[in-house]
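Note sheet for the following structure.
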Amino acid sequence: MKKDLRIVKTRRNIQTTLLTILSEKSFRQVTVKDICQEALINKSTFYAHYSDKYALLEDVVAHYSHLLKAEVGPRFTQLSATHLLFIFKNLETTLSQNKKAYLILLDIHEAEGDLAKELETYFCTLCLDYLEKHELKLQVPHHFFALVYASYLMQLLLWTLKTGENMQILELSQALEQILYE
């Protein structure tokens, strides 16, 4: 079934407007009125698409989460045990095209939309699945390693988004690999 382009364009306008406003205000300060004024729509149009600003945030977080997960998920199945830390290599395109949105969303921690928490949980789950599938023997419990790994990936993601530096991070990854696998 084909999507109505008017609906797609209106939703995209509302989502983009939220991100624009979030670059100036915290999420808690944003109102539906602010979104409608900036998007040049009336409240009935907003409410035809979203029940409230939290539903909008949830939709925006889901979109950007999906973009990153679509890139990262398949890479896990292609990794060897000695390259577990290189999950973000060559993600520059996805990250650079959406840099501003990711930086904004990673700083929001609402129950309805917490991209950082969602991604960290996802990375932890991927890592646990990977460790169990490959039956890797580590000096620490798998769950602890997965938590540390997920935290590491989140810091790597934030660093890459904020600084644009990747090579120094890859050198750090190699050093961590040597510590973990020697």
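Inspect all residues belonging to segment 87-99 and state whether any of them is aliphatic (A, V, I, L, M), exposed (fewer than 15 other Cβ atoms within 10 Å of the Cβ), part of a loop (DSSP other than H, G, I, E, B) and at pLDDT below 95. For segment 87-99, residues aliphatic (A, V, I, L, M), exposed (fewer than 15 other Cβ atoms within 10 Å of the Cβ), part of a loop (DSSP other than H, G, I, E, B) and at pLDDT below 95: absent. Got a number for residues in segment 9-32 being surrounded by fewer than 11 Cβ atoms within 10 Å (Cβ to Cβ) and either more than 15 Å from V60 (Cα to Cα) or in the same structural domain as A101 (by TED's automatic domain parsing) (or both)? So the count comes out to 4.
Let's see how each residue does on (1) without any contact (Cβ under 8 Å) to a residue 60 or more places away in the chain; (2) aromatic (F, W, Y); (3) touching a Cys at 6+ places or on another chain (Cβ under 8 Å); (4) within 25 Å of A111 (Cβ to Cβ):
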| position | (1), (2), (3), (4) |
| --- | --- |
| K3 | yes, no, no, no |
| I7 | yes, no, no, no |
| Q15 | yes, no, no, yes |
| L19 | no, no, no, yes |
| Q29 | yes, no, no, yes |
| V32 | yes, no, no, yes |
| Q37 | yes, no, no, no |
| L40 | yes, no, no, no |
| K43 | yes, no, yes, yes |
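Take the conditions (1) part of a helix (DSSP H, G or I); (2) modelled with pLDDT of 90 or more; (3) surrounded by 12 or more Cβ atoms within 10 Å (Cβ to Cβ); I41 misses just one of them, which is (1). In this structure, is K3 modelled with pLDDT under 95, charged (D, E, K, R) and not assigned by TED's automatic domain parsing to the domain that holds N98? Yes: the conditions hold for K3.
The values are calculated or read from the model by the stated rules, or taken from the named source; none is laboratory data. This is a predicted model, so every value here is computed, not measured. Cβ coordinates were reconstructed from backbone atoms using ideal geometry, including for glycine residues, and neighbour counts include every protein chain displayed.
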